[in-house]
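Working notes, beginning with the structure itself.
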Amino acid sequence: MLDSTRFVDKILQPDLLSALYASFPDAVLLANSEGEILHVNPQTEKLFGYSQDELLGQPVEILVPARLRSAHVVQRKNYQREPHLRTMGVGLDLYGRRKDGGEFPVDIMLSPVETREGSLVIAVVRDITARKAIENVLRHSEESLRSIIETVKDYAIFTLDVDGLVTSWNPAAMKIKGYQPGEIMGQHFSCFYPPEDIQRGKPGQGLKIAAETGRYEDEGWRVRKDGSQFWANVVITALRDRAGKLLGYFKITRDFTTRKRAEEALLLEITNVLLSNLDIGKLLVAVTASLNQVTRHDYASLTLYDANAQKLRLHPLSSPAGLELNAEDDLIPLDGTPAGLCFTSRQPVLVKQGDSRFTKHARQLLAKAGIKSGCWLPLISHGRPLGVLGVASVKDEGLARTDLNLLSQVANQIALAIDNAEAFSQISGLNERLLEEKRYLEDEIRTEYNFEGLVGKSPVLKRALKQVETVAPTDATVLILGETGTGKELIARAIHQLSERRERTFVKLNCAAIPSGLLESELFGHEKGAFTGAISQKIGRLELAHRGTLFLDEVGDIPLELQPKLLRALQEKEFERLGSTRTIPVDVRLIAATNRDLAKMVKDAQFRSDLYYRLKVFPVYLAPLRERTGDIALLIRHFVDKHARRMKRKIQTIPPETMKALVKWHWPGNVRELENFIERAVILSPGPVLRVPLSELTSAEDSEEHATGSSTLADAEREHILHALREADGVIAGPHGAAE
């Protein structure tokens, strides 16, 4: 190995030295201990403007500005006493001087070298003019930024390290949050959050989102040093170096408490207005007025879900001039439309012009309206989606973020108002139905019922009651056949009372007592204005009997033209009111009664066969009173007690001859006639003995002839044999048989 002296001698060979110096990008000088320049490279000539001949033998101070030369001489001598390697970038403020007198900033590296001629110094000089310019710019920018941050009064601006500890704090942060720099520096920023936010990890979640996405924005309540809360808008930005390493976070907080209070006051006003309008039509007007207070917009609409159509029904609130929607646009499909996507996803949908998520027709409709941006917000109440609120603009960015936040809150209030309006509508409908039922029941109470209970023990009556007991628990349609006055309504009521529908309404309609032109309205109801004289909506008997029992008395008198509609209602369990297209589902148990021969009417084309077979699911026959003579005495005593109590009479005796005459009478009006006759007798009996106006009854012989309707002996015998068979339940011979 060469020693240092031999090495220096070697490298000082002119050819090697020239080649080495010429390759350096910086100026290189070689000086002796006295500071005389012994050698320079070409970069030195370029940097300082001197030629090599002009520099050789000159003191190095020729390259130092005159104002710094005396100090430089002292520094050079100090260096010579303790020579050492001094690298660049040690922070000294050094300057060089060109031949023309110009100064420029430099950085210098010094390295001592021992030679045979003594100690030498190699100096490497680098022009840092460009770097200084950049540093000045950066320093100026930092100073400007610091000045701006320090003078901002409405923004709390501070920085956090990677762990969330506060590392800087501006005066506005002191004003807004109440902490002095010495109190908050090094503290974790979670102290600004309410306890409930800290418990659910909101501060850490905000930093995590900012680190992952670069930025996190939030609004919510924050806590000052004194414990008071304010509504803050917060933006957290992640700070990274050029390599992407996370350095910390830059956080800006604004106090929006005044705006929040104003929004709350506005929302309260809107809520009061919306909730005070329980009619859907008035509610839509109130919604329009409320939206105008909240945000500037060019188009607004409510779309409410129609369960029957399984689509959204459009209710425009405001629209651009000239925009006219066709009838088919009133129903909006759930697929391929902004409102449909919002309804099904239950999330806000932001829309821009030409959004490819939607169908061509939906895009064309938006383009026709000139809509370039919009927001569709779900209307959800108690977890149930009701519809969608749509707000749009003809501008590209027509809605601000603050508008969207406020609109979301307004949408919640609209959903609650719609839910209340729908509930009120349902309650109004139920109240209306209850009023109709009340009026109906009051009419029924005012009606004189023919009898209060089933009285009798004849076989034919027992057979009918057994049928009632069998069919009542089912929902089968029952057709009650029998003459007028045999108690068909009472049987119908007994079926209802024994069924599972006993807690619901029993609704009666006498088809023979209502003119045929009004029967349809009475049965199905009508809307206001459905026909002349329809001054208000009317609920029909079929709708009143929903989940209960409908009793159609004298069903054979229903007009032929009305029978198909009744059949459809029974088959499909739905109907429409007169003047309405809305289908109303209904759950009704039907009981029909008639004193006419429906089978013969079907043959004579006076009654539809399909309706007849629909009614005749379970026929029950009620025998006339003349076929159950054994029950007459029981009925007489029952009616005497009933009317005597009502009239406060004390009738204790019915003369035997009177009872015999009454039992022998054929009673063409059946039980109804018998009750009316006994009521008249009670009125005429002031004492304890029933006084019956027997003069009103014909002789027993006339009664028998009238009862059978016979004109010949053969007809009388035939009727007598049939009567005996009915009384014996079809048994011909043996004890209690018809022959006996």
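The values are calculated or read from the model by the stated rules, or taken from the named source; none is laboratory data. Note that the structure is a prediction, hence the values are computed from the model and not measured. Heads up, the Cβs are rebuilt from the backbone with ideal geometry, glycines too, and the neighbour counts pull from every protein chain shown. Each accessible area value is taken on the protein alone, full model and side chains, heavy atoms only, with ligands, DNA and RNA left out. Shrake-Rupley method; radii C 1.70, N 1.55, O 1.52, S 1.80 Å.
Summary of computed values
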quantity	calculated
Selection count where residues are open to solvent by less than 60 Å² (accessible area, probe 1.4 Å), basic (Lys, Arg) and touching a helix residue (DSSP H, G or I) at 6+ places or on another chain (Cβ under 8 Å), scope segment 473-517	1
Those residues of segment 58-87 which are open to solvent by 50 Å² or more (accessible area, probe 1.4 Å) and either among the hydroxyl-bearing types (Ser, Thr, Tyr) or part of a loop (DSSP other than H, G, I, E, B) (or both), in sequence order	Gln58, Ser70, Glu82, Pro83, His84, Leu85, Thr87
Among residues of segment 534-564, those that are charged (D, E, K, R) and in contact with a strand residue (DSSP E or B) (Cβ under 7 Å, 6 or more places away or on another chain), counted	5
Boolean, Thr253 is out of contact with any Phe, Trp or Tyr (no Cβ under 6 Å at 6 or more places or on another chain), within 15 Å of Tyr155 (Cβ to Cβ) and of a type in the set (Ser, Thr, Tyr)	yes
Flag if Val586 is touching a His at 6+ places or on another chain (Cβ under 7 Å) and crowded, with 16+ Cβ neighbours inside 10 Å	yes
Among the residues listed as Leu694, Leu662, the single one being of a type in the set (A, V, I, L, M, F, W, C), surrounded by fewer than 19 Cβ atoms within 10 Å (Cβ to Cβ) and in contact (Cβ under 8 Å) with a residue 24 or more places away in the chain	Leu694
Among (1) among the aliphatic types (A, V, I, L, M); (2) farther than 19 Å from Val617 by Cα; (3) under 41 Å from the mean Cα position of the chain (by Cα), the one test that Ala476 misses	(2)
Cβ-Cβ under 6 Å pairs, at least 6 apart or on other chains, segment 169-198 side on the phi > 0 side of the Ramachandran plot, far side open to solvent by 10 Å² or more (accessible area, probe 1.4 Å) and assigned to a loop (DSSP other than H, G, I, E, B)	Gly178/Arg224; Gly178/Lys225; Gly178/Asp226
Check on Asp15, modelled with pLDDT of 90 or more, open to solvent by 40 Å² or more (accessible area, probe 1.4 Å), part of a helix (DSSP H, G or I) and of a type in the set (D, E, K, R)	no
Top-ranked residue in segment 455-473 [being part of a loop (DSSP other than H, G, I, E, B) and over 16 Å from Phe551 (Cβ atoms); ranked as modelled with the highest pLDDT]	Pro473
Residues located in segment 23-42, provided they are of a type outside the set (A, V, I, L, M) and either touching a strand residue (DSSP E or B) at 6+ places or on another chain (Cβ under 9 Å) or surrounded by 14 or more Cβ atoms within 10 Å (Cβ to Cβ) (or both)	Phe24, Pro25, Asp26, Asn32, Ser33, Glu34, Gly35, Glu36, His39, Asn41, Pro42
Residue in segment 226-236 that is part of a strand (DSSP E or B), of a type in the set (Phe, Trp, Tyr) and over 29 Å from Leu404 (Cα atoms) present	no
So Asp226, is it charged (D, E, K, R) and modelled with pLDDT of 90 or more	yes
Residue in segment 548-565 that is open to solvent by 40 Å² or more (accessible area, probe 1.4 Å), assigned to a helix (DSSP H, G or I), of a type outside the set (D, E, K, R) and more than 22 Å from Phe506 (Cα to Cα) present	yes
Residue in segment 188-210 that is assigned to a helix (DSSP H, G or I), touching a helix residue (DSSP H, G or I) at 6+ places or on another chain (Cβ under 7 Å) and of a type in the set (S, T, N, Q) present	yes
Among (1) closer than 25 Å to Leu479 by Cα; (2) open to solvent by less than 10 Å² (accessible area, probe 1.4 Å) - the single one Arg672 does not satisfy	(2)
Any chance Trp221 is of a type in the set (Phe, Trp, Tyr) and surrounded by fewer than 18 Cβ atoms within 10 Å (Cβ to Cβ)	yes
Which listed residue is more than 27 Å from Glu469 (Cβ to Cβ) and part of a helix (DSSP H, G or I), from Asp631, Asp610, Asp641	Asp610
Checking Glu45 against (1) more than 15 Å from Val121 (Cβ to Cβ); (2) in contact (Cβ under 8 Å) with a residue 12 or more places away in the chain; (3) buried (at least 16 other Cβ atoms within 10 Å of the Cβ), the condition it does not meet	(2)
Candidates Ser393, Ser381 - the one that is of a type in the set (Gly, Ala, Ser), under 25 Å from Lys311 (Cβ atoms) and either modelled with pLDDT of 70 or more or under 20 Å from the mean Cα position of the chain (by Cα) (or both)	Ser381
Number of positions in segment 610-648 that are of a type in the set (A, V, I, L, M), surrounded by fewer than 15 Cβ atoms within 10 Å (Cβ to Cβ) and within 17 Å of Gly687 (Cα to Cα)	1
Residue selected from segment 396-419 under the condition part of a helix (DSSP H, G or I) and of a type in the set (Asp, Glu), by the criterion modelled with the lowest pLDDT	Asp403
Scan of segment 667-700 for residues that are on the phi > 0 side of the Ramachandran plot and in a loop (DSSP other than H, G, I, E, B), ordered by number	Trp667
Check on Gln293, open to solvent by 60 Å² or more (accessible area, probe 1.4 Å), among the polar types (S, T, N, Q) and modelled with pLDDT under 85	yes
Selection status of Leu325, assigned to a loop (DSSP other than H, G, I, E, B), among the hydrophobic types (A, V, I, L, M, F, W, C) and at pLDDT 80 or above	no
Hits in segment 335-391 - residues which are polar (S, T, N, Q) and surrounded by 22 or more Cβ atoms within 10 Å (Cβ to Cβ)	Thr337
Residue within segment 95-104 that is open to solvent by less than 40 Å² (accessible area, probe 1.4 Å) and either free of Cβ contacts under 8 Å to residues at least 24 places away in the same chain or part of a loop (DSSP other than H, G, I, E, B) (or both) present	yes
Matching residues, segment 114-165, being more than 30 Å from Pro59 (Cβ to Cβ), at pLDDT below 85 and of a type in the set (Ser, Thr, Tyr)	Ser141, Ser144, Ser147, Thr151, Tyr155
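So that you can scan it fast, the table gives a plain yes or no per residue for (1) assigned to a loop (DSSP other than H, G, I, E, B); (2) more than 15 Å from Ser301 (Cα to Cα); (3) among the aliphatic types (A, V, I, L, M):
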| site | (1), (2), (3) |
| --- | --- |
| Cys342 | no, no, no |
| Gly354 | yes, yes, no |
| His361 | no, yes, no |
| Leu365 | no, no, yes |
| Leu386 | no, no, yes |
